[in-house]
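Trainee: First the structure, which I've put down as structure tokens, then a few questions once you've had a look.
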Amino acid sequence: MRIQVNGKQLDVGDALRAHVTTRLTEVVDKFSVPPVEALVTFSRDAHEFVADSSVHLSTGLTVQAKGRASDIYDGFEAAAERMEKQLRRYKRRLKDHHQKREAQPSAFGAPSYILEAEPAEAAEPETLQPVIIAEMETPVHTLSVGEAVMHMELAGAALIVFRNESHGGVNVVYRRDDGNIGWVDPRSNA
């Protein structure tokens, strides 16, 4: 596994790199899911250190966790414990979710855009056409609703767009403000 440890305006020493490598390998190896790469970024927020961890697994999932504390090691430990909790929660699914499939899950590339935000005090725009400042391609995977929720929670994302494996339509799962999960299934009932 390739592990990259960075610091935003912080000097990350060899001792911290060694600790991160050892602990991250320990966390992921418990769940028998081979990792591909990991990225840990340390930053400072007022008096606290923030450790933002992301591990890309061979199953295609990305697990993300963030921890913060007044000590940089404690901040990383909080992120590692959160990641371990997420992996423990989905351990059975991580190991078995491809075994029940007849074929490997597919994905197609969908264009995604970043639009320029307009300041609140801006004058009335002359056109309602938004200004595109970046253009990318985002993979849309074919998943069950349960797998989509698992992907969303492991990635720490606010929402996931996916193709529903039961009917092939494009669906969305998202985290609601009340803490529950919402599911949008715009199938035509005609």
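No lab work stands behind these numbers, since they all come straight from the coordinates. The structure displayed is predicted, hence computed values, not measured ones. Using ideal geometry, Cβ is built from the backbone for each residue, glycine included, and neighbour counts are taken over all protein chains shown.
Trainee: Output ³J(HN,Hα) for segment 132-146: one whole-Hz value per residue in order, computed from phi by the Karplus curve 6.51 cos²θ - 1.76 cosθ + 1.60 with θ = phi - 60°, and x for Gly and Pro.
Mentor: Those phi angles translate into 8, 10, 7, 9, 9, 10, 10, x, 10, 8, 8, 9, 7, 4, x Hz.
Trainee: May I ask you to list the residues of segment 134-149 whose amide nitrogen lies under 20 Å from a point 7 Å from Cα along the Cα→beta-carbon direction of V184?
Mentor: 136-149
Trainee: Within segment 53-80, name every residue whose backbone N is under 11 Å away from a label modeled 7 Å from Cα of D45 along the Cβ vector.
Mentor: Answer for this model: 66-69.
Trainee: Measuring from a point 7 Å past the Cα of A155 along Cα-to-C-beta, which residues in segment 27-53 have an amide N at less than 15 Å?
Mentor: Zone members listed by number: none at all.
Trainee: Taking θ = phi - 60°, what integer Hz values does the Karplus form 6.51 cos²θ - 1.76 cosθ + 1.60 yield along segment 61-74, in sequence order, with x for Gly and Pro?
Mentor: 7, 10, 9, 10, 8, 10, x, 9, 6, 6, 10, 5, 5, 5
Trainee: In a GNM of the chain with a 10 Å cut-off on Cα contacts, which of V50, V131, V63 has the highest mean-square fluctuation?
Mentor: Highest fluctuation of the listed residues: V131.
Trainee: Projected onto the charge dipole of segment 107-184 (+1 at Lys/Arg Cβ, -1 at Asp/Glu Cβ, origin at the Cα centre), which of S166, T138, G109 gives the Cα projection farthest towards the positive end?
Mentor: Final value for the positive-end residue is S166.
Trainee: Do the sum for the chain: with -39,500 (n - 2.57) for every DSSP H run of n ≥ 4, divided by all residues, what is the mean residue ellipticity at 222 nm, to the nearest 500 deg cm²/dmol? Don't skip to the answer; put the middle values down first.
Mentor: Working: 4 runs with 51 residues, N = 190.
Using -39500 (n - 2.57) per qualifying helix, the result is -8500 deg cm²/dmol.
Trainee: If I take all pairs of Cα atoms in segment 2-96, what percentage of them are more than 16 Å from each other? Spell out each step's value before the answer.
Mentor: Working: 2246 of 4465 pairs.
Tail fraction, whole percent: 50.
Trainee: Just subtract the alpha-carbon distance of Q9 and L115 from 0.36 nm times their residue separation and send over the number in nm, one decimal.
Mentor: Details: separation 106, 0.36 × 106 = 38.16 nm, distance 2.82 nm.
Length gained, Q9 through L115: 35.3 nm.
Trainee: So what are the ³J(HN,Hα) numbers for segment 16-33, from phi and the Karplus equation (6.51, -1.76, 1.60; θ = phi - 60°), rounded to whole Hz, Gly and Pro as x?
Mentor: Once θ is set to phi - 60°, the couplings for segment 16-33 become 5, 4, 5, 4, 4, 4, 5, 5, 5, 5, 4, 5, 6, 5, 4, 9, 6, 10 Hz.
Trainee: Sorted by packing (mean other beta-carbon atoms within 10 Å per residue), highest first, where do 172-185, 73-86 land? Let's see the in-between values first.
Mentor: Working: 172-185: 12.0, 73-86: 19.3.
Those peptides, ordered most packed to least, come out 73-86, 172-185.
Trainee: Between E126, E48, E37, where does the largest GNM mean-square fluctuation fall for the chain, given springs only between Cα atoms within less than 10 Å?
Mentor: Checking each option, the largest mean-square fluctuation is seen for E126.
Trainee: Restricting to segment 2-96, compute how many DSSP beta bridges are antiparallel as a %, nearest 5.
Mentor: Working: 18 of 24 bridges.
Of all bridge pairs located within segment 2-96, approximately 75 percent are antiparallel.
Trainee: Using a/c under 1.5 as the rounded threshold, could you call the chain rounded, prolate or oblate? The axes a ≥ b ≥ c are square roots of the C-alpha gyration tensor eigenvalues, and prolate needs a/b larger than b/c, oblate otherwise. Write out the running numbers ahead of the final one.
Mentor: Working: a/c = 2.14, a/b = 1.18, b/c = 1.81.
It comes out oblate by the Cα gyration axes.
Trainee: Take the chain, connect every pair of alpha-carbon atoms lying under 10 Å apart with a spring to form a Gaussian network, then pick out the residue of A148, A46, A38 with the largest mean-square fluctuation.
Mentor: Judging by the Gaussian network model, the answer is A46.
Trainee: Any idea what the dipole of the chain comes to, in debye rounded to 20, about its Cα centre with Lys/Arg Cβ at +1 and Asp/Glu Cβ at -1? Walk me through the intermediate numbers first.
Mentor: On the way: 22 positive and 28 negative charges, 240 e Å.
The dipole of the chain has a size of about 1160 debye.
Trainee: Next question, about the same structure. Between segment 150-190 and segment 1-62, what is the C-alpha centre distance in whole Å?
Mentor: 28
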